[in-house]
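Written out below as structure tokens is the structure these notes cover.
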Amino acid sequence: MPGYSEEQLQQLVKTSHEVKKMAHCPYSKFPVGAALLTDDGSVFTGCNVENASSGLTICAERTAIVKAVSEGHRRFKAIAVASDVKEIVIAPCGACRQVLVEFGVDCDVIMTKPDMTYKIMTTKELLPCCFGPTDLQRERAA
Ligand code: THU
């Protein structure tokens, strides 16, 4: 049982698709939206923000995470991700998976399609055997 309701899940999926319209993606023309649910029920949205210096592009998931953290939220229950791709659900990139595990390995990642169908995997399923905050606390040689 996830720690959120069916209604919250449907709302996250819908919101992730709505926020795609805010994407700044003149280079890829590939809008992405994200809606992040925190443990107190707040929802933070994000879109991809591209840059003429391509390496500086920020994905929708990281936009949402940074917005939440900068407002004092660090415990996440779920994040919905949306694109316009019809055939398959959109999966977060490797960088976003790493940023997600910084805040917990049990967050549900709701990967959606424009028809509002989705597939859910946890952050640890998406990034097994990961390096995270606890590794920095382990005993080290010398
Ligand atoms: N993008 C995201 O925002 N999230 C993902 O999970 C995959 C890719 C963005 C980055 C870039 O603006 C565009 O999609 C094409 O790669």
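Some notes on this structure:
- Scanning region 27-50 for residues that are of a type in the set (S, T, N, Q) and more than 9 Å from the ligand (Cβ to nearest atom) yields Thr38, Ser42, Thr45.
- Residue match in region 55-64 (condition: at pLDDT below 95 and in contact with a Phe, Trp or Tyr (Cβ under 9 Å, 6 or more places away or on another chain)): no
- Subset tally (residues that are assigned to a strand (DSSP E or B) and more than 11 Å from the ligand (Cβ to nearest atom)) for region 82-125: 8
- Evaluated against (1) in a loop (DSSP other than H, G, I, E, B); (2) within 13 Å of the ligand (Cβ to nearest atom); (3) on the phi < 0 side of the Ramachandran plot, Thr63 falls short on exactly one condition, (1).
- Restricting region 82-100 to residues that are crowded, with 19+ Cβ neighbours inside 10 Å and hydrophobic (A, V, I, L, M, F, W, C) leaves a set whose member that is nearest to Cys129 (Cα to Cα) is Leu100.
- Which numbered condition Ile79 misses (of (1) surrounded by fewer than 16 Cβ atoms within 10 Å (Cβ to Cβ); (2) among the β-branched types (Val, Ile, Thr); (3) in a strand (DSSP E or B)): (1)
- Which listed residue, of Thr45, Thr63, Thr112, is touching a helix residue (DSSP H, G or I) at 6+ places or on another chain (Cβ under 8 Å), touching a residue at least 24 places away in the same chain (Cβ under 8 Å), within 20 Å of Leu127 (Cα to Cα) and among the hydroxyl-bearing types (Ser, Thr, Tyr): Thr112
The values are calculated or read from the model by the stated rules, or taken from the named source; none is laboratory data. Small disclaimer: the values here were computed from a predicted structure and weren't measured. Every residue, glycine as well, gets a Cβ built from its backbone with ideal geometry; the counts of neighbours run over all protein chains shown.
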